[in-house]
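No lab work stands behind these numbers, since they all come straight from the coordinates. In this text, all values refer to a predicted model and were calculated from it rather than measured experimentally. Cβ sites come from the backbone with ideal geometry, for glycine too, and all protein chains shown count toward neighbours.
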Amino acid sequence: MSYPVDPSRTRHFLITSAQDKTEIHEDFWKNLKAYANYLGAEILIGGFTYSKRLFEENDPTKRDEGVWFDNRINDYVIHEKVALGDNLLFCAEMNTLPTAVQPLSGLEVYTGSKWGIFPHAKVQLRSIATMKDALTKQIMTTGAVTLPNYIRKKAGVKAEFFHAIGAVVVSIAPDGAFWCRHIQANSLSDGSFYDLDRFISKGKITTGHRPEALVHGDIHREKLDPVVAMATWGYNIETNSVNPDYPSTTKLLRPKRRVFHDLTDFTARNHHNIKDHHFRFKAHFHGRDNVKNDILDSGRFLAAVADPDIEDAVIQSNHDNALLKWVKTADAKYDPENYEFWLECELHCIRSLREGRDPFLYSDVMRQHFGDQLPRTIFVQEDSSYMVKGVELAIHGHYGANGAKGSPDAFVKMGPKSITAHTHGPSITDGHMCVGVSGSLDMGYNVGLSSWSHTDALVYPNGKRALITLMGGRWFDLSTAQSSLDFQG
């Protein structure tokens, strides 16, 4: 089965899964159908079961008569692979045990070079490393339209805890660009859900609902991708200005908060290249050798995109921390380009220590030069908390547990839900979500296969979250975009 790209319109799909012999979540199903009608979308449901027999016969008439699905979804249940456009597969033939802890394990190559969506009651997502100039591949599971129905043993009880009433929204534009993002019901007793600025409840759709937070992939201002900058903030890198009329994510969704990680790349003295004299020569020759300019460029960017109606949170990150590390370790008297700024920073640190406080040098410099331009910007320090609707947003991700190096797996067990950055590759694992990068997908120091992608995260008013990935210069399909500003793409 295939749904080719339609050159005349954007095609929409709502993709979920269902367990056999299990009741559907009636409220969510009602809202899902209403949203499908709103988008003009097709609903596709992949069936799964504890039993293998459902998929052992190609002839549906020979299947075990004991296997059945709720009559209300029978017409939507499929058991075959579906091609959606040119680069996306819905692998509805994949019958994975609903108790699987890692339902995507071993499926990294199953879809070849294409993105893949797999039916499962748990929501997970993985970014798969590919050639740097190729489309970074993502594989994900769907969530389910059916209620939890598990054997009351350890595996079943754990699976019930992570059971997600949800689906994947897929849009495929006439130019072949496509977008996938998760929607999840508010709870087992409430089937309402958010998608972008829309709220779907009791079969009705309302728009103009502001996300609680938009978490950006790592910024790396000196290497900020110009397409990402325009699509996200309407920001022109060359002029350091914002086009207020451009249909950016900020303009369309009006998030209440924005979260910035690795605001500065610290290119001039980046730890990745500090001992590479060829890189240092290139940076000097092309005027990228001044540390102060790097820091101030980040401040100018932050001031340019500042919005009086949005709170901006800058999370203390390893690349921002490179400024203090440089002050502590550099022999700056042999660095005439940066010697004066190094002295200024060193003096500030010494005075701070004398006054009994550890310097947060990066934010101190930002406040000194741009304080009056950043009235709604906060700088969140390491080991602080920035909790939004039950989701911890204060962790960059470079540190894990007990001083170990960070990785997405380190944050799964912490308890509260969280969104981190740092890896540049998006993922969803149980209660943890990781965003991608806003900078270039080739920063010079990442060599070989890459799982990096331009991926941000949304936190909705009910605390549910979704990853959004840039495709074709857009974060989502603009043909149906509606916001509090009533923009029509």
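Listed by chain and number, the aspartates and glutamates whose alpha-carbon sits under 18 Å from that of Lys114, ignoring those within fewer than 8 places in the same chain, are Glu80, Asp86, Glu93, Asp133, Asp175. Could you name the aspartates and glutamates whose alpha carbon sits less than 14 Å from that of Lys333, not counting residues in the same chain fewer than 8 places away? Output for Lys333: Glu344, Glu346. Extent of region 2-206 along its three principal axes (Cα atoms, max minus min coordinate, largest first): 46, 39, 34 Å.
Would you mind getting me the FRET efficiency between Ala303 and Arg152? Use the beta-carbon distance for r and R0 = 45 Å, nearest 0.05.
0.20
As a quick test, which of the pairs Lys158/Lys204; Lys21/Lys81; Lys81/Lys202; Lys328/Lys413; Lys81/Lys389; Lys154/Lys464 have an alpha carbon distance above 29 angstrom in this structure? Pairs exceeding the cut-off: Lys158/Lys204; Lys81/Lys202; Lys328/Lys413; Lys81/Lys389.
Of all beta bridges DSSP finds with both residues in the chain, what is the antiparallel percent, to the nearest 5?
Approximately 60 percent, going by the DSSP bridge assignments.
The Cβ shell under 9 Å around Arg376 holds other residues with a net charge of -4, Lys and Arg each +1, Asp and Glu each -1. Taking one quarter of the surface of the convex hull spanned by the alpha-carbon atoms of region 213-469 gives a direction-averaged projected area of 14.3 nm².
A simple count of charges around Gly448, restricted to other residues whose Cβ falls under 13 Å of its Cβ and scoring Lys, Arg +1 and Asp, Glu -1, yields -1. Seen from Leu147, the other residues with C-beta closer than 12 Å to its C-beta sum to a net charge of -4, counting Lys and Arg as +1 and Asp and Glu as -1. Applying D = kT/(6 pi eta Rh) to the chain, where Rh is the Kirkwood radius over alpha-carbon pairs, T corresponds to 20 °C and eta to 1.002 mPa s, the Stokes-Einstein value obtained is 90 µm²/s. Of the three principal axes defined by the Cα atoms of region 83-168, the extents in descending order read 47, 21, 18 Å.
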